[in-house]
Amino acid sequence: MATPGAVEVLVVGGGPAALAIATALAEEGVNIGVLSAASLSTPWTNTYGIWGEEVDALGLAHLLSHRWSHTVSYFGTGSDQAEAKANQPTNHGRDYGLFDKQKLQQHWLAQLKGANVSCWIDHANGISHGPQTSAVHRAGGGELKARLVIDATGHKPAFVKSTPQQKRPESPVAGQAAYGVVGRFSRPPIETDQFVFMDYRSHHLSDQQRQEPPSFLYAMHLGGDDYFVEETSLALAPALPFEVLKQRLEQRLMRRGSTLTDVIHEEYCLFPMNPALPDLHQRVVGFGGSAGMVHPASGYMVGSVLRRAPELAKTISDLLQKNSLAGEELAQQTWQALWPPDRRLKREFFRFGLNKLMGFDEQRLRHHFHTFFTLPDHDWYGFLTNTLTPAELTMAMVRLFALAPWDVRAGLLFPAQAAPGLPVPLPSVPLPCPINQQTNGRG
């Protein structure tokens, strides 16, 4: 039971992660409030993609704006001499979907409205904790009390604190950066009705540019004359500058004889891929980017947010029934439910793998991904969506090592080091503020 004048759970934030957990809590009958710096109906600016099988399992396929069955990647050499080979696609054989941002947002808002949830538009200006409740101080004055506060404000959280510095592993905080455009072109930049997951072909780059950190094209046909094309860096510390990504995208399009004739929307994306987990002993619980839920090796998060919101909400609802549970213990048990040992183990494995890939040059990286997508569908799909058990993940990586060429095996076996032209791995460093906070890199 909440203290008079308080809610049971206060969710701070207004993006997809905040609405997902708030809706799930409301469905459990929890008395909740939402504090957001802007109206919850403020349009979201970024794109959110998800694999077809994943969205089908969630029962949310009706919220997609587009769905592709022609899903491919390109990992050829990319050289002029081997262009025919480079143009052979890797067919993924799985559907990929793009959420209709407005439909997804309205889907959650309708549920919250039906639950008569209390909402406040204001900035959080501080927090204080008592034995049973916490009080969030509003910039506009006053405070909001709750038995549990959930910070879902993204990669620069309002309250969630990172693990103390002395406990952090010595690995760089890598950023996935991307520059993208929704627009119309003089000729199609990709095939009609196609979704390109990764295109690492580099025949549009100079020899000097090929010695620099690699990037790939992520693209989709949106119907009619509209296309979304995005030049993306997997992860680097420091991240590739936007101007470099924009230049490479322009070069890529020029090579294909495709001129951008009408810009509908530009997207600048930068978010941390592999930070250490937050301190799991703190009083405020994170969810989404603030809780380190971005997949460290793929950049995905929206699927995990959608899957884990209902299960975490059920745990919180059960814990709230224990009226004698102190606020600190309530938060501790919630953190443990969000990050049980098996999830923490997998996350550290993904971080280890990403740190290896950050030292790969372009050729070795292409060899790695070409091998990765020769794994059984269950393995590569489960890896990207983080749905494998620890035992399944281990076996998938054993298969990958067995199939990989020697240059990839050597890169996985020996200590990570920067390839020529790549940034040298450094101890953990802060990442610049994202231009546009988004739920995840690719979706």
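What follows is calculated from the coordinates using simple rules that are stated; it is not laboratory data. Only a predicted model underlies this, so the values are computations on that prediction, with no experimental measurement involved. Here Cβ is always computed from backbone atoms with ideal geometry, including for glycine, and neighbour counts include all displayed protein chains.
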Ordering 329-342, 207-220 by per-residue average of other C-beta atoms within 10 angstrom, highest first, gives 207-220, 329-342
Relative packing of peptides 59-65, 264-270, 236-242 - highest average C-beta neighbours within 10 Å first:
236-242, 264-270, 59-65
May I ask for the angle, rounded to the nearest 10°, between helix 327-338 and the longest principal axis of the chain, with both axes built from Cα atoms and the value confined to 0 to 90°?
30
What GluC sites (Glu not before Pro) in the stretch 224-263 are in a loop by DSSP, with at most 14 other Cβ atoms within 10 Å of the Cβ?
none
Å³ per residue of the Cα convex hull, for the stretch 346-413?
79
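Let me check against my output: what whole-number percent is the relative contact order of the stretch 346-413, with C-alpha pairs under 8 Å and at least 6 apart?
Value for the stretch 346-413: 44 percent.
Mind checking Rg over Rh on the chain, alpha carbons, Kirkwood formula for Rh?
On the way: Rg = 22.2 Å, Rh = 22.7 Å.
When Rh is taken as the Kirkwood radius, the ratio is 0.98.
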With each pseudo-label sitting 7 Å past Cα toward Cβ, what's the SER324-GLU392 distance in nm, one decimal?
4.1
Give the cross-link partners of LYS356 among the lysines, using a straight C-alpha distance below 18 Å as the criterion and excluding same-chain residues fewer than 8 apart.
LYS346
Using the per-residue mean of other Cβ atoms lying within 10 Å as a proxy for protection, in what order, highest first, do the peptides 351-360, 298-307, 123-132 fall?
298-307, 351-360, 123-132
How large is the Kirkwood hydrodynamic radius of the stretch 262-319, counting all unique pairs of alpha carbons, in Å?
13.6
Nearest 500 deg cm²/dmol is fine: what mean residue ellipticity at 222 nm does the chain get from its DSSP H runs of n ≥ 4 alone, each adding -39,500 (n - 2.57), divided by its residue count?
-10000 deg cm²/dmol
Would you list which lysines come within 22 Å of LYS103, measuring only between C-alpha atoms, while excluding same-chain residues fewer than 8 positions from it?
LYS113
Specify the angular offset, from 0 to 90 degrees and rounded to the nearest 10, of the alpha carbon long axis of helix 390-403 from the longest principal axis of the alpha carbons in the chain.
10
Tally Lys and Arg at +1 and Asp and Glu at -1 over the other residues with C-beta under 11 Å from the C-beta of SER206: what net charge comes out?
0
Mind giving me the nanometre distance, one decimal, between the label points for ALA37 and ALA110, set 7 Å out from Cα along Cα→Cβ?
3.0
For helix 101-114, what angle does its Cα long axis make with the longest principal axis of the chain, in degrees from 0 to 90 and rounded to 10?
10
Loop-located trypsin sites (Lys or Arg not before Pro) in the stretch 103-205 whose Cβ has at most 16 other Cβ within 10 Å (DSSP)
LYS161
